[in-house]
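Trainee: Attaching a single structure in structure tokens format; questions to follow.
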Amino acid sequence: MFLFFVIALLSLSYLWLRHRYSYWERRGVKGPKPIFIFGNLFKQLTFQEHISVAHKRWHNTYNDVPYVGFYKLLQPAVMIRDPELQREVLVKSFMNFHTNDVSVPDEDVLLKANPFFSSGEEWRQSRALFGTFFSANKIRSVFPAMLKVGTEWEQYVRSFKPNSAIDAKNICSRFTTETMLRCTFSIDGKSFQEESEFLDMGKLVFSPDFITALKLMVNFFVPVLQKFIKVSTVPKVMEKRFMDIVRNQIKIRDSGSVQCEDVLQFVLNGREKYEMSEIQIAGICVGFFVEAYETSANVLSSALYQLAKHPHIQDELARRIQESLDANNNEITYDLIYKHEYLEKVALECMRIQPTFFGIQKLCTKAYQMPILPGQTEPVTIPAGTPVLVPFATVQQDPEHHNDPDFFNPERFSPEQKAQRHKSAFMPFSDGPRMCIGMHLAMFNYKMGLFQMIRNFDIKFHPSHKPFQLHPMSFFNISKDGIKLIFTPRKTV
């Protein structure tokens, strides 16, 4: 009898799974064939393949439809291929997709203060709060601190022996982390010393090892497990350190003994209006740190990789930087970097040809009617709760939207060429109300880093450098073997 019940249960489970995994086929939606239990994420959940590789494969395989159906484990999900439909999801029909399909456990009190992870009224309040900190005037006010860090970074790179193999991610993390600490707290994080407390904390969160990969996998792919597995993304030592910094800084500044013009002060100036707690303020600062240590550093190191790969572009950028300096009495100013047209083109093309992140995961919050597909008698309406993937990277590398996408061409970002393509064919910071609120500060710091390195160094690959291969244990598009470069001081341009 027991054996009969086991067989019956297994049979019913099989039939249920088979029916579940025919969801898109029954609705006439194309997509990859799922594997039982894992859906279409088997290679990602077993760390055999980077998620961006799967997205690109689906995008190219089903190239005659605006969207693709896939399975996020047992959950039917949608991947948006068409830029216009991506814009519809992110901007025009925002209220149908206003929540990001990623979460952090309640134990991560500081990370939950970041607008990226919040929703509803909590998101609207944090968005309004964050949005006041990143105007051009605010960035201009912290420029002297950024310039000082840039100069120290240059000196740090010069300290290496000639022809040394320099890890691009390592030096870029030092620059972006130190910039964040100076611009946020007006403190010296000692990031250009061999041992750095803050760099060690960044490694605890983002080192592409098995434990870190498991934590991020739960956050991005199976957030439901957070109800049963209480694992914090932000280590307690890091949480305590940032809380101590914020409490100490608030005490000093409220006493009037120190006057600072930095991000923390901008936040403190608005704390009564927005009724902010110490935890919320510390959460904002942790958000800045996370973005600086990982995202910005990956963008900058990938750009250095691309410029080492394309030395003629690197030399042309160095020449134009020097020309702009000559015309500005050799003075580095905010406007010089902000308005440098060729620097902007090169920076954007680096982000297009080698995206640092695969895209954004949204959650349908209100039933939405998708465009009708070939062969369908009526369009599909996806219900609330459906995961919706918007993969920017695949569109940025699609020849339909970027001619000869593997060719590095900064002129793609001339006003004439930008006007000829769909607005959403390039949106590295997302789009709509939930686009990256720190994009202007991040973009300026990124260009600042390129300006300093290319102006002062000729950058080439070290003989030990290995071909770029995506790391399967990272959600960022980083190299499995790192990026090893040689920095040779420039003599003349």
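Just so it is clear, none of the values below were taken in a lab; they were calculated from the coordinates. As the structure is a prediction and not an experimental result, all values here were calculated from the model. Positions of Cβ are backbone-derived with ideal geometry, glycine not excepted, and every protein chain shown enters the neighbour counts.
Trainee: At 7 Å along Cα-to-Cβ for each site, give me the label-to-label distance between Lys251 and Asn403 in nm.
Mentor: 6.3 nm
Trainee: Compute the angle between helix 297-309 and the longest alpha-carbon principal axis of the chain, please, reported from 0 to 90 degrees and rounded to the nearest 10.
Mentor: Result, in degrees: 80.
Trainee: Using the basic label-point model (7 angstrom from Cα toward the beta carbon), what is the Asn163 to Glu25 distance in nanometres?
Mentor: 6.0 nm
Trainee: Using Cβ counts within 10 Å as a stand-in for footprinting exposure, how do Val104, Val380 rank, fewest first?
Mentor: Working: Val104 23, Val380 18.
So the residues, fewest neighbours to most, are Val380, Val104.
Trainee: Here's a follow-up. Based on alpha-carbon centroids, what's the gap between region 314-363 and region 1-58 in Å, whole number please?
Mentor: If you average the Cα positions of each part, the centres end up 45 Å apart.
Trainee: Please work out, to two decimal places, the log10 of the ratio I(q)/I(0) at q = 0.09, 0.12 Å⁻¹ from a Debye calculation in which every Cα of the chain carries one identical scatterer.
Mentor: -0.66, -1.16
Trainee: Evaluate the distance, in nm, between pseudo-label points positioned 7 Å from the Cα of Leu12 and of Glu316 along their respective Cα→Cβ axes.
Mentor: Computed distance between label sites Leu12 and Glu316 equals 6.7 nm.
Trainee: Binning at 5 angstrom from zero up to the longest distance, how are the C-alpha pair distances of region 5-51 distributed in percent?
Mentor: The distribution over region 5-51 is 5, 19, 21, 19, 16, 14, 6, 1, 0, given as percents.
Trainee: Under the classification rounded if a/c is under 1.5, otherwise prolate if a/b is larger than b/c and oblate if not, where does region 219-338 fall, given a ≥ b ≥ c as square roots of the Cα gyration tensor eigenvalues? Spell out each step's value before the answer.
Mentor: Values: a/c = 3.39, a/b = 1.41, b/c = 2.42.
Note, shape of region 219-338 comes out oblate.
Trainee: How big, on average over all directions, is the shadow cast by the Cα convex hull of region 28-102, in nm²?
Mentor: Details: hull surface 22.5 nm².
Average projection, Cα convex hull of region 28-102: 5.6 nm².
Trainee: OK, next. Starting with the highest mean, order 394-406, 330-342 by the number of other Cβ atoms within 10 Å, averaged over the residues of each peptide.
Mentor: Values: 394-406: 16.4, 330-342: 14.8.
Answer by packing, highest mean first, reads 394-406, 330-342.
Trainee: Stretch Ala367-Thr151 to full length: gain in nm at 0.36 nm per residue minus the Cα-Cα span?
Mentor: Values: separation 216, 0.36 × 216 = 77.76 nm, distance 5.24 nm.
So the chain would gain 72.5 nm between Ala367 and Thr151.
Trainee: For region 247-304, what log10 I(q)/I(0) values come out of the Debye formula at q = 0.16, 0.18, 0.22, 0.23 1/Å, with one point per alpha carbon and no solvent?
Mentor: Taken in order of the listed q values, log10 I(q)/I(0) reads -0.60, -0.70, -0.88, -0.92.
Trainee: Grab the beta carbon distance between Thr377 and Phe5, set R0 = 51 Å, and tell me the FRET efficiency rounded to 0.05. Working shown, then result.
Mentor: On the way: r = 42 Å, r/R0 = 0.81.
According to the calculation, E is roughly 0.75.
Trainee: Still on this structure, I have one more. Once R0 is set to 51 Å, what does the formula 1/(1 + (r/R0)^6) return for the Cβ-Cβ distance between Arg57 and Lys240, expressed as a FRET efficiency to the nearest 0.05? Write down the numbers at each step before the final one.
Mentor: Values: r = 43 Å, r/R0 = 0.84.
For Arg57 and Lys240, the calculated efficiency is 0.75.
Trainee: Further question: Full-extension gain between Lys92 and Met439, please, as 0.36 nm times their residue separation minus the C-alpha to C-alpha distance. Could the numbers behind the result be given before it?
Mentor: On the way: separation 347, 0.36 × 347 = 124.92 nm, distance 2.07 nm.
The Lys92-Met439 span can extend by a further 122.8 nm.
Trainee: Report Rg/Rh for region 1-128, rounded to two decimals, where Rg is the Cα radius of gyration and Rh the Kirkwood radius. Could the numbers behind the result be given before it?
Mentor: Working: Rg = 18.8 Å, Rh = 17.6 Å.
Looking at region 1-128, the ratio lands at 1.07.
Trainee: Would you calculate, for the chain, the mean residue ellipticity at 222 nm contributed by helices, counting each DSSP H stretch of 4 or more residues as -39,500 (n - 2.57) and dividing by all residues, to the nearest 500? Before the final figure, lay out each step's value.
Mentor: Numbers: 22 runs with 237 residues, N = 493.
Estimated from H runs of four or more residues: -14500 deg cm²/dmol.
Trainee: Can you pull the Rg over Rh of region 351-462, Cα-only, Kirkwood? Please list the in-between numbers first.
Mentor: Working: Rg = 18.3 Å, Rh = 17.2 Å.
Over the Cα atoms of region 351-462, Rg/Rh equals 1.07.
Trainee: A further question on this structure: Report the number of Lys pairs in region 340-455 whose alpha-carbons are under 28 Å apart, with separation of 8 or more residues or on distinct chains. Don't jump to the answer; show the numbers that get you there.
Mentor: Numbers: Lys345/Lys418; Lys345/Lys423; Lys345/Lys447; Lys362/Lys418; Lys362/Lys423; Lys366/Lys423; Lys418/Lys447; Lys423/Lys447.
Counting lysine pairs in region 340-455 gives 8.
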